[in-house]
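The values are calculated or read from the model by the stated rules, or taken from the named source; none is laboratory data. What you are looking at is a predicted structure, and each value in this text was computed from that prediction instead of being measured. Ideal geometry is used to build each Cβ from the backbone, glycine not excepted, and the neighbour counts take in all protein chains shown. We work out accessible area using only protein heavy atoms, side chains counted, and drop any ligands, DNA or RNA first. Shrake-Rupley method; radii C 1.70, N 1.55, O 1.52, S 1.80 Å.
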Amino acid sequence: MYKMQLLVCGGTGCRASASAKIVEKLNESLKAHGLTKDAQVVTTGCFGFCEKGPIVKVIPDNTFYTQVRPEDAEEIIAEHILKGRKVTRLLYENPETQKHVTDSKHMGFYQKQMRIALRNCGFIDPENIDEYIARDGYSALAQVVSDLTPQQAIDMVKQSGLRGRGGAGFPTGLKWEITSKFTSNQKYVVCNADEGDPGAFMDRSILEGDPNSIIEAMAICGYCIGASKGLVYIRAEYPLAIKRLRIAIQQARDYGLLGENILGTDFSFDMELRYGAGAFVCGEETALLASMEGKRGEPRVKPPFPAEDGYQHKPTNVNNVETFANVPVIFLKGPEWFSSIGTEKSKGTKVFALAGKINNVGLIEVPMGITLREIIYEIGGGIKNGKKFKAVQTGGPSGGCLTEKHLDTPIDFDSLIAAGSMMGSGGMIVMDEDDCMVSIAKFYLEFIVEESCGKCTPCRVGNKRMLEILEKICQGKGSMEDLDHLRNLANVIKDTALCGLGQTSPNPVLSTLDNFYDEYVAHVKDKRCYAKKCKALAHYTIIPEVCTGCTVCARNCPVGAITGERRQPHFINQDICIHCGVCYTKCKFNAILVQ
Amino acid sequence: METVKLTIDNKHIEVPKGTTILQAAKQAGINIPTLCYMNLPHLDQEHKPGSCRVCVVEIPGRRTLVPACATKCTEGMEVLSHSLRAINARRTVVELLLSDHPKDCLVCPSSGNCELQKLSITMGIREINSVENAAISTYRKDASPSLLRNMDKCVMCRSCETVCNEIQTVGALSAVNRGFMAVVAPAFEQDLTDSPCTFCGQCVAVCPTGALTAVDNTFHVIRALADPTKYVVVQTAPAVRAALGEEFGYQPGTLVTGKMVAALRALGFNKVFDTDFAADLTIMEEGTELLDRITRHLNGDKSVHLPILTSCCPAWVNFFETNYPDMLDVPSTARSPQQMFGSIAKTHMANKLGVKRENMVVVSVMPCLAKKYECQREEFKVDGNPDVDYAITTRELAHLIKIGNIDFKSLKDEDYDRPMGESTGASVIFGVTGGVIEAAIRTAYEVFTGKKLEKVEFHELRGMEGIRTATINFDGTDIHIGIAHTLGNARKLLDGIRKGMYNFHAIEIMACPGGCIGGGGQPLHRGTDIVLKARMEAIYKEDFNKPIRKSHENPEIIKLYEEFLGKPLSEKSHKLLHTHYFSHPKQ
C-alpha cells in the first residue's frame, strides 16, 4: 500500500510543458531515495488549471503544486515525500491575499466549480481501468443491464433533463427514445469527438483523462436504443486521446465490459474508432456520418434525422463526448440529483474552456445558472494585467459575444440564445479593451471560410463575401452601405444555409454589429481602429517635442511619406502613409505616436 | 393512399404523403424556381441535394427557410413561397451565385440556354452587390476531344456528379476541394482525358450553366465548305432528324428529315448522305457475325464467345475497354455506322466521284458527343487522314443553319443523294434503345431461317426500362436478347456475363438514356422523359413509313457488296469495316 501518491497532469497542455519528463524525474528521485514502495507517481488527466500548469498534486494531503518543472522533482521527493515538508515556492499564491494555498478546494479557480463530467480527470490514471472501476466505474452499466429495461433507463435520462453538450442542446433522453423506436436489424451509437471549435479542449480533456466514462455511456446508450455497435469519430489531431481510448477499449474488452454478453446478460456491444481528417464541418452529425461512410464529409438536408436514417441508413444516435460523460452519473446518483443542479430548462453542469485575456486560463466545469461575472471574476480571477473587460465570445465561430450588460446573466442554453449568442460546445474567450471586435468577427469568418464544405450557396459564397466586406472595412475602405449589406447577407445566410455551420456562421458578425456598432462605425467613418488592432487603420504621427531629427524613419519609409531636415522634427504625410508601421518600429526615441 | 392537406400561398391542396413542397406547388400551379434540382423519372433518379438554396420557402414559425425540393409536406403545413423574407433570401442567393460567376454571358456557349441566366432574368436582378475585385472561384480549363470543362462557371449543383456516378457508373466526376474553391473534377484533379470519362456527354446534357459544354467544330465545317479544293460530304445520324426541329421551335417528336436535307444542301455540302445507309451496312456485317457465332455455338463450338455485344456506341466501347479489358473479344468487331460510312466514303465513293482521299472532307451530324472522340481514334485513320473528319452535334447543325441565314421552317422537303443516302426502316431505329438489335433481328431471322419475316416490329425489344430481355423464336431456335441503356445498366449486364449468369446470344448497349435520341449532343431537355418519349415515337414512325424495312433489302447496300466489298466479313470488309479493341490503362 502506497502512503502517498503524486498525481501529475498528463493532459496535452501540461505534456507540452514537459510533464512527462516530470514523471520520469519523480520516479528517478523516488528510486534514488529508496521510496519506490512508499510513493507512487500517477499520470492523470487534466486538472483544469492550465494557466498554472504543469500541475502535481500530492495525496492524501491534497497539496496542489503549480508550474512545476522537471528540475523541481528532486526537491518534491526529498522535501515533501521524504520529510513531509511542503515545497512552498511551488504552491499557488492567492493574488489578492498573496498567501499560499495548498488545497485546491480553497482556490478561487475551483471553489464554484462542480466537476461531474470531469469527475475523474486529475484523480485517476486514464490508462488503468481498475482506477476507473474503483471510483464506481461501470457500476452504472451493471445497474442498467441487470436491473432496468431499456425504456426505464431512457426514462431516467429524460427525467434528468440532460441536454446535448455539443452545441444544439437537444434533450438527450428524447433523442435516445426516438432512436429506440425505429426498428432495424442494426443500430449504431456514435460519439462525436470531432471538437473543431478553435480553442476548445473540453472533449479532448475528457477523452484523455477519463476515456472509460465514454465507453460506459455508449454501452448504456446501446442498451437503451438497441444498438450493438458503437463508433467514436475522433479528430486525428488528438493522438493522445486516440491512444488512451484505444487502451481503454481493449481493457474494457478484456474485462468483458465490451463484447458479447456483457456482464452475463444477452446484451452485446462493441466499439471502434474512426478518424477525422482535418475538417471542422465533420463535426456536423450528417457530415460526420458521411465521412465515416467513406464519402465526402458534407452535410445533408434534415429530415430525415440520423435517429431514423443515420450511419449506412440505419437508426443512429449521435451524441457529443461531454453529453456521454454525464450519463453514468445520472444512474449512479439518480436523475433527481442531476436535475437538482442547474436552471429550470438547463440541468446539470457545463464544461467551459476559459481562455483569452483572463488570469486563470483553463478548463472549468460549472453548474448551469452561474453568472458570467462569477466565471470571469471569481473563477477566472479577473482580466489579465488589470485591463478593462470588453466581451466574452461563447460558442466559438458559431457563437456571439456577451458584453458588460450580460455579466449578471445566468449561463444556460436559452439565456445565451436570448442574449444573441449560444452555448456552443463550451469555448469561452475573454476580450479586453485592446481587442478589436471587428477583427474578432473577421477572425471567425476567416475560419468559417476555410472550413466551409462548399455545398450550399449561402455558406460557400455568402461567407466569402462577408469576409471581403470585413477585410475592406479593416483596410479602411468601408462605407456605411457596406454595413447594411453585411447585415442583410448575415441574416440571409442564417436563414438559408443548409447546415448548422452555415446557419450559425453569421453569429459573430451579427453579435458584434449589435453590441459594438460604434466600433464598426469608427472603422468606416473615422477610418480608425481605437483598439489599435487593425494595422491598416493605425494613425501614425511624429511627436515634434520628442523627435530628434535622426532621419532613420524617413530613410526607412517605403513610400517616402516622411519629410524633415536633419536634427529638425520630422513630419508624416497622412495622404501618402500606407500604415505599414516601419517608422514606429525603427524609431529609437519613442517619438512616433500610434492611434 | 394516405394524403396530407396543406396550403401553399394560401391555396389549399391535398397531396399523397411523402410529396415534397416543390412537387405539391407544381400541382397547384406554383412554379418555385430551382437550380440544382433535377428529376429523371425515367432513370428513377431524383437529384435533390438541397444545396443551391434557390427554392427556399417560408414556413411561418420555423427558425429558418426550407428548401422546397427536399422538404416533405406535412398535415396542416403553411407554406409561403413569395413572402418578403423568401423573396429577399432567394434574390440574395442568386446574387451570390452571380457574384461568383464569370460575366461573359454574351459570348458564352450556354447563353440563352443557361438556368442561372434564366433565374437572373426571372428575378429581375439588375445589380450584384459585392466588393470591387470580389474573388471568383476559378479552376484551370480542361479540354477533351468531346467536351470542355470551364469550372469557373460551375454552380456546384452536382447534377453531373449524379449522372456520372449513379446513372452511368463511370465515376469520372466528383467534388474536390473545400469551401469557396470547391469544384467538380476528376479524381486527383486529373484532366478528363486521363480519367475514366467515356465522353458520353450526359454531364453536358444536364449541366445548367456553361461549365460543361460540347466541343464546337462549326467553324471547321464552315471553312471546309468554303474551301474550293475540298469535296465536302455530310452524313446524318438517325436520332438527329427526330430532334433537330426542337431547335427551331417545333414540338419534341416532330420529324424534320426533309427540311434537314434541304438545309444541308443549301449550306453547300457537295453530297448529302445518310448515316442510316451505313447503319444498314452495319447490320449486314454485324448480323453476319452474330449468325456466325450463333451457328458455331449451336454446332457445339466451345471456343466461340457469346453473347455478342453491339459496338456502335463509342462511349460504350470506351467504358468497355476501361472496365472489362478481360473481355475484349466479346463485342462485335464491326465499326459504328459513322465510321463505316467514312471508310466507304473515302475509298469506294471517292473513287466513283473521282475525288482524291485527301480532298474529301467527311462531316457527320450526330446526337452524340462521343462521336467527336471516336472519329479521331488512331485506328480510324489511313496514313493520318481520318475516315470522318468532323463530327458535329444536332445543336451545332442548328447553329450552322442559322449562321447560313436559312429560314428552316420555310424549307421544302428534299431527299438524300444516292447511293449513300438510301436507307431502310431498320437503320432509322438505330437511334433508340432496342433499335440496333431489332434491326439485326430483322435480317438475322431471314438469313438464319431462310423464311420471310411477316411482321418486322418486335415490340418486346422496345421501351424505356433500363434493362430489357426477350426471347425471339427463329423458327424453332430460341434466341435470347438482352438490352441495356445507360452505362449503369450496361455494367449490371456485363458483371452478370462475367459471372456466367446469363445465356444471352446478343446484347445491345447504348450509353445514353433512351438510346441516341437522348445523346449529349441533342437539344437540351435537362432531364424530362417526355421529350425522350416523343423523339422515340418519331423514330418508330419514320421506320413505319419507310418502303423497305430490312437492311439486307437495301438496293444500294446490295450493289455495294456486288461492286466493291464482295460479301459480309470478306477480307475487304474486315479491313474497312471492322476493328479491334484496346485495354485502356486508365485510373
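General observations
- Filtering region B:117-142 to residues that are within 11 Å of another protein chain (Cβ to nearest Cβ) and closer than 26 Å to B:F199 by Cβ leaves only B:S137.
- Restricting the first member to region A:385-396 and to residues that are in contact (Cβ under 8 Å) with a residue 60 or more places away in the chain and assigned by TED's automatic domain parsing to the domain that holds A:I417, and the second to residues that are part of a helix (DSSP H, G or I) and charged (D, E, K, R), the beta-carbon pairs closer than 9 Å and six or more apart or on different chains are A:A391/A:E404.
- Of the set (1) assigned to a strand (DSSP E or B); (2) open to solvent by 10 Å² or more (accessible area, probe 1.4 Å), all apply to A:S415 but (1).
- Of the residues making up region A:199-234, those that are aromatic (F, W, Y) and assigned to a helix (DSSP H, G or I) number 1.
- Residue identified as at pLDDT below 95 and under 30 Å from B:I87 (Cβ atoms) among A:P410, A:P458, A:P397: A:P397
- Taking region B:62-84 as the range and being closer than 19 Å to B:K11 by Cβ and of a type outside the set (A, V, I, L, M) as the test, the residues that pass are B:C69, B:T71, B:K72, B:C73, B:T74, B:E75, B:G76, B:E78, B:S81, B:H82, B:S83.
- Residue match in region B:73-82 (condition: more than 22 Å from B:A182 (Cβ to Cβ), surrounded by fewer than 17 Cβ atoms within 10 Å (Cβ to Cβ) and among the charged types (D, E, K, R)): yes
- Entirely in region A:510-589, the helices (runs of 4 or more DSSP H) that have 1 or more residues that are under 30 Å from A:H485 (Cβ atoms), within 32 Å of the chain's Cα centre (by Cα) and free of Cβ contacts under 8 Å to residues at least 24 places away in the same chain: A:517-521
- All positions within region A:235-270 that are under 25 Å from the mean Cα position of the chain (by Cα) and in a loop (DSSP other than H, G, I, E, B): A:R235, A:A236, A:E237, A:Y238
- The residues of region A:183-198 that are surrounded by fewer than 18 Cβ atoms within 10 Å (Cβ to Cβ) and either outside any loop (DSSP other than H, G, I, E, B) or at pLDDT 95 or above (or both), listed by number, are A:T183, A:S184, A:N185, A:Q186.
- When A:I375, A:I379 are checked against the criterion of being in contact with a helix residue (DSSP H, G or I) (Cβ under 7 Å, 6 or more places away or on another chain) and open to solvent by less than 10 Å² (accessible area, probe 1.4 Å), a single residue qualifies: A:I379.
Residue by residue, here is whether (1) crowded, with 19+ Cβ neighbours inside 10 Å; (2) assigned to a helix (DSSP H, G or I) holds:
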{"residue": "A:T43", "(1), (2)": "yes, no"}
{"residue": "A:V58", "(1), (2)": "yes, no"}
{"residue": "A:F64", "(1), (2)": "yes, no"}
{"residue": "A:A73", "(1), (2)": "yes, yes"}
{"residue": "A:E79", "(1), (2)": "no, yes"}
{"residue": "A:K86", "(1), (2)": "no, no"}
{"residue": "A:D125", "(1), (2)": "yes, no"}
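- Residue pairs whose Cβ atoms lie under 8 Å apart, sitting 6 or more positions apart in sequence or on different chains, and linking a residue in region B:555-572 that is assigned by TED's automatic domain parsing to the domain that holds B:D292 to a partner that is open to solvent by less than 20 Å² (accessible area, probe 1.4 Å) and among the aromatic types (F, W, Y), are B:E556/B:F277; B:I557/B:F277; B:K567/B:Y561; B:P568/B:Y561.
- Where a residue in region B:45-58 is facing another protein chain (nearest Cβ under 7 Å) and its partner, wherever it lies, is part of a strand (DSSP E or B), with Cβ under 8 Å and at least six apart: B:G50/B:P67; B:R53/B:P67; B:V56/B:V66; B:V56/B:P67
- Here A:L141, A:L174 are screened, and the one residue that is without any contact (Cβ under 8 Å) to a residue 24 or more places away in the chain, part of a helix (DSSP H, G or I) and farther than 18 Å from A:G426 by Cβ is A:L174.
- Only a single criterion out of (1) open to solvent by 10 Å² or more (accessible area, probe 1.4 Å); (2) among the aromatic types (F, W, Y); (3) more than 22 Å from A:G395 (Cβ to Cβ) is not satisfied by A:F201, namely (3).
- At least 3 residues being over 27 Å from A:A290 (Cα atoms) is the threshold, and among the strands (runs of 3 or more DSSP E) wholly inside region B:1-90 those reaching it are B:3-8, B:11-16.
- Check on A:T504, hydroxyl-bearing (S, T, Y) and either more than 7 Å from chain B (Cβ to nearest Cβ) or out of contact with any Cys (no Cβ under 8 Å at 6 or more places or on another chain) (or both): yes
- Filter result for A:D495 (touching a Ser or Thr at 6+ places or on another chain (Cβ under 9 Å), within 23 Å of A:A419 (Cβ to Cβ), of a type in the set (D, E) and not assigned by TED's automatic domain parsing to the domain that holds A:M428): yes
- Selection of helices (runs of 4 or more DSSP H) fully inside region B:350-451 by the criterion of at least 1 residues being within 28 Å of B:G253 (Cα to Cα) and open to solvent by 30 Å² or more (accessible area, probe 1.4 Å) returns B:394-403.
- Of all the criteria given as (1) within 30 Å of A:L6 (Cβ to Cβ); (2) in a loop (DSSP other than H, G, I, E, B); (3) open to solvent by 10 Å² or more (accessible area, probe 1.4 Å), the one not satisfied by A:I133 is (2).
- Residues considered: A:T403, A:T349, A:T409. Of these, the only one that is touching a Leu at 6+ places or on another chain (Cβ under 8 Å) and touching a residue at least 24 places away in the same chain (Cβ under 8 Å) is A:T409.
- Residue list for region A:504-528, filter: of a type in the set (F, W, Y) and open to solvent by 10 Å² or more (accessible area, probe 1.4 Å): A:F516, A:Y517
- So B:V107, is it within 12 Å of chain A (Cβ to nearest Cβ) and of a type in the set (V, I, T): no
- Filtered residues of region A:282-336 (kept if within 12 Å of another protein chain (Cβ to nearest Cβ), among the aliphatic types (A, V, I, L, M) and in a loop (DSSP other than H, G, I, E, B)): A:V301
- Scanning region B:176-191 for residues that are small (G, A, S), more than 7 Å from chain A (Cβ to nearest Cβ) and in contact with a helix residue (DSSP H, G or I) (Cβ under 9 Å, 6 or more places away or on another chain) yields one hit, B:A185.
- Candidates A:I448, A:I440, A:I469: the one that is open to solvent by less than 20 Å² (accessible area, probe 1.4 Å) and more than 7 Å from chain B (Cβ to nearest Cβ) is A:I448.
- When A:Q152 is tested against (1) open to solvent by 10 Å² or more (accessible area, probe 1.4 Å); (2) free of Cβ contacts under 8 Å to residues at least 60 places away in the same chain; (3) more than 22 Å from the chain's Cα centre (by Cα); (4) within 22 Å of A:P126 (Cβ to Cβ), only condition (4) is not met.
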